[in-house]
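Visitor: Quick one: the structure is below, questions incoming.
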Amino acid sequence: MTPPRYVPGHGLLRDRVVVITAAAGAGIGGATARRCLEEGAAVLVSDTHERRLAASAAELEKEFGADRVAARVCDVTAEEQVRALYALALERFGRLDVAVNNAGLGGTAELADMTDEQWTKVLDVTLNGTMRCTRAALRIMRDQGSGVIVNNASVIGWRAQRGQSHYAAAKAGVMALTRCAALEAAAHGVRINAVSPSLAMHPHLVKVTSAELLEELTRREAQGRYAEPWEVANVIVFLASDYSSYMTGEVVSVSSQHP
């Protein structure tokens, strides 16, 4: 298949302030940070990995300017760290326009052999972490009377896969959380949507996923290839922008693997 063409920015997020979790490195979060900056936003990136976060932020600062980039370590399982992250957005940039809740944790274990710790860890990062970030952002946006939240779900919240009951349950929960919170947020001028990617290839994924599974997931896609992380980021930017002004409570598939 011919590689996709990278689309240049068009100023879709000019003068917006965006906070992105799990944004260090080459995955969807990092690609989203770059795309938002290319679209004119100021961006606060966060991650649990301090060294990678510092390196990513330094690279973005060099390219887009230190006045438009900030970084803070944040563990989404810790409520005080989540609150501090969004407080920094207000302190540094004066407002919060977009929250991209990208943090998630996977793993493989069949349910009969899964421990409570394995189940709880995945749910706490992927579902509870998304709830904490959505809640913190919504409190700020509610007072502003405007804002957009984009959650990262997954097609596995729709389809079944062996060894993924904890991750699938968490991502299905993110979808339900998105729909319910959107109804509550609408009266305050806040929109909440989610993206649902399947396979967005990046170096870390290659390290933690078997070649056989990656090949199988690639074969399932209608285009016969995996997504580039920036292709998912493009959809996130669309949902964050005014082009999706009438969309809320939606889960947008970035894959052919959906119901």
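The values are calculated or read from the model by the stated rules, or taken from the named source; none is laboratory data. Everything numeric in this text was worked out from a predicted model, so none of it was measured. Positions of Cβ are backbone-derived with ideal geometry, glycine not excepted, and every protein chain shown enters the neighbour counts. Only protein heavy atoms, including side chains, enter the accessible area calculation; ligands, DNA and RNA are left aside. Shrake-Rupley method; radii C 1.70, N 1.55, O 1.52, S 1.80 Å.
Visitor: In debye, nearest 20: dipole of the range 1-99 around its Cα centre with unit charges on the Cβ of K, R (+) and D, E (-)?
Guide: Charge dipole, the range 1-99, about its Cα centre: 260 debye, nearest 20.
Visitor: As I understand it, the value is the acute angle between the Cα axis of helix 79-93 and the longest principal axis of the Cα atoms of the chain; what does it come to in degrees, rounded to 10?
Guide: 40 degrees
Visitor: Also, quick follow-up: Relative contact order (percent) for the range 115-259, with alpha-carbon contacts under 8 angstrom and 6 or more residues of separation?
Guide: For the range 115-259, the relative contact order is 30 percent.
Visitor: Right, here's the next one. Given Cβ point charges of +1 (Lys, Arg) and -1 (Asp, Glu) and nothing else, what value in debye, to the nearest 20, does the dipole of the range 93-250 about its Cα centre take?
Guide: Around 320 debye, computed over the range 93-250.
Visitor: Using DSSP to call loops (not H, G, I, E or B), can you name the trypsin sites (Lys or Arg not before Pro) in the range 141-195 whose Cβ has at most 14 other Cβ atoms within 10 angstrom?
Guide: Qualifying residues, ordered by number: 162.
Visitor: Still on this structure, I have one more. As I understand it, the value is the acute angle between the Cα axis of helix 50-64 and the longest principal axis of the Cα atoms of the chain; what does it come to in degrees, rounded to 10?
Guide: For 50-64 against the chain, the angle is about 50 degrees.
Visitor: Got a number for carbon plus sulfur as a percent of the range 134-247's accessible area, 1.4 Å probe?
Guide: 55 percent
Visitor: Please get the size of the charge dipole for the range 47-86, origin at its Cα centre, with Cβ charges of +1 on Lys and Arg and -1 on Asp and Glu, quoted in debye to the nearest 20.
Guide: 60 debye
Visitor: Let a ≥ b ≥ c be the square roots of the eigenvalues of the Cα gyration tensor of the chain; is it rounded (a/c under 1.5), or, if not, prolate (a/b larger than b/c) or oblate?
Guide: Taking the square roots of the gyration eigenvalues as a ≥ b ≥ c, the chain is rounded.
Visitor: Also, quick follow-up: Classify the range 28-68 from the C-alpha gyration tensor, please: rounded if a/c falls under 1.5, else prolate or oblate depending on whether a/b exceeds b/c.
Guide: The shape class here is oblate.
Visitor: Grab the Cα-Cα distance for residue 243 and residue 188, subtract it from 0.36 nm times how many residues apart they are, and report the gain in nm with one decimal.
Guide: Gain in length upon complete extension: 17.9 nm.
Visitor: Could you tell me how many degrees, from 0 to 90 and to the nearest 10, lie between the Cα long axis of helix 165-185 and the main elongation axis, the longest principal axis, of the Cα atoms of the chain?
Guide: For 165-185 against the chain, the angle is about 30 degrees.
Visitor: Rounded, prolate or oblate: which fits the range 1-53, taking a ≥ b ≥ c as square roots of the Cα gyration tensor eigenvalues, rounded meaning a/c under 1.5, else prolate when a/b beats b/c?
Guide: oblate
Visitor: So, in nm, how far is label residue 162 from label residue 81 when the simple model puts each one 7 Å beyond its Cα toward the Cβ?
Guide: That separation, rounded to one decimal, is 3.4 nm.
Visitor: Which value in deg cm²/dmol, rounded to the nearest 500, describes the helix-derived mean residue ellipticity at 222 nm for the chain, given -39,500 (n - 2.57) per DSSP H run of n ≥ 4 and division by the residue count?
Guide: Mean residue ellipticity at 222 nm (helix-derived): -14000 deg cm²/dmol.
Visitor: Over the range 1-148, what is the mean sequence separation of C-alpha contacts under 8 Å (at least six apart), divided by residue count, expressed as relative contact order in percent?
Guide: Averaging sequence separation for qualifying contacts and normalising by length gives 23 percent for the range 1-148.
Visitor: Continuing with the same structure: Which is farthest toward the positive dipole end of the chain among 187, 77, 6, measuring Cα position about the Cα centre, with Cβ charges +1 (Lys, Arg) and -1 (Asp, Glu)?
Guide: With unit charges placed on the Cβ atoms, the residue in question is 187.
Visitor: Still on this structure, please answer the following. How do the peptides 29-37, 233-241 rank, highest first, by the average count of neighbouring beta carbon atoms within 10 Å per residue?
Guide: Packing order, densest peptide first, comes out as 29-37, 233-241.
Visitor: Write down the accessible area per residue of the chain in Å², having rolled a 1.4 Å probe over the full set of protein chains.
Guide: 47 Å²
Visitor: Okay, next question. Over the chain, what is the relative contact order in percent, taking alpha-carbon pairs closer than 8 angstrom and at least six residues apart?
Guide: Reported relative contact order: 20 percent.
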